[in-house]
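The values are calculated or read from the model by the stated rules, or taken from the named source; none is laboratory data. From a predicted model like this one, the values you see are computed outputs, not experimental measurements. Every residue, glycine among them, receives a Cβ derived from its backbone with ideal geometry; neighbour counts consider all protein chains shown. Ligands, DNA and RNA are stripped out before the accessible areas are found, and what is left, the full protein with its side chains, is counted by its heavy atoms. Shrake-Rupley method; radii C 1.70, N 1.55, O 1.52, S 1.80 Å.
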Amino acid sequence: MSPEERRRMIVQSVLPLMVEHGAGVTTSQIARAAGIGEGTVFRVFKDKDELFATCFAEALKPDQVLDAIAVIDLEQPLGDRLVEAADALSAHLQRMGALMAAMHGSGKRPERREHGDGKDRRRESMSVMRDAMAELFEPEQKRLRLPATQLAALFLSLLFNGRMRFSETGDEPTTMELVDVFLHGAVEAA
């Protein structure tokens, strides 16, 4: 196994442990989950802080959600496409939120040291998610009131902001409600 493959394998093994144990995850647990010796962890990563920083960077990557959006059938109605995409995006947010909550709860915050500026990563991540979402609008191009990329940005804004604000109050709209209001507005047709 190449060093990069081993690194990736360790990170994938550690992410669920970080959600479960936060910064309290032990090197013994890490090694057991990855199927390696404890010493191997420190041959691949300088220390646990570097491992945690790499895990945070991996969790922020939108690769999984982009793969899910890419396989959405463009032949189905737009509303169904948006519901599928919203579910994939919501799952991505939940994974990130669970990791952040566990780590913050155990006193560890993500570090930005070796992985570039967090704002640039977030901006890039949002940009690629917007572009992937815009492709879902493309089959309706002739019927769209705004460019597909602008609609994708509006949809993501509605989805992300709506989920974050209302999850605390228990008034979170269902995915279907959110998509319906996005596509048809808030007012009944006269």
Scanning segment 116-145 residue by residue, the ones that are open to solvent by 50 Å² or more (accessible area, probe 1.4 Å), over 19 Å from LEU66 (Cα atoms) and either touching a strand residue (DSSP E or B) at 6+ places or on another chain (Cβ under 7 Å) or of a type in the set (Asp, Glu) (or both) total 1
Select from segment 36-59 the residues that are open to solvent by 40 Å² or more (accessible area, probe 1.4 Å) and either under 26 Å from the mean Cα position of the chain (by Cα) or of a type in the set (Val, Ile, Thr) (or both) and list them in ascending order.
ASP47, LYS48, ASP49, GLU58
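So, in segment 23-63, how many residues would count as being hydroxyl-bearing (Ser, Thr, Tyr) and either more than 14 Å from GLU4 (Cα to Cα) or touching a Gly at 6+ places or on another chain (Cβ under 7 Å) (or both)?
Residues flagged as hydroxyl-bearing (Ser, Thr, Tyr) and either more than 14 Å from GLU4 (Cα to Cα) or touching a Gly at 6+ places or on another chain (Cβ under 7 Å) (or both) within segment 23-63 amount to 3.
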Of everything in segment 14-35, what is open to solvent by less than 30 Å² (accessible area, probe 1.4 Å) and more than 23 Å from the chain's Cα centre (by Cα)? Give them in sequence order.
THR27, ALA31
Filtered residues of segment 60-98 (kept if within 21 Å of ILE10 (Cα to Cα), in contact (Cβ under 8 Å) with a residue 24 or more places away in the chain, open to solvent by 20 Å² or more (accessible area, probe 1.4 Å) and of a type outside the set (S, T, N, Q))
LEU60, LYS61, ARG95, MET96, ALA98
Please give the number of the condition PRO110 fails out of (1) crowded, with 16+ Cβ neighbours inside 10 Å; (2) modelled with pLDDT of 85 or more; (3) not in a helix (DSSP H, G or I).
(2)
With respect to LEU158, is the statement that it is at pLDDT below 95, open to solvent by 40 Å² or more (accessible area, probe 1.4 Å) and aliphatic (A, V, I, L, M) true?
yes
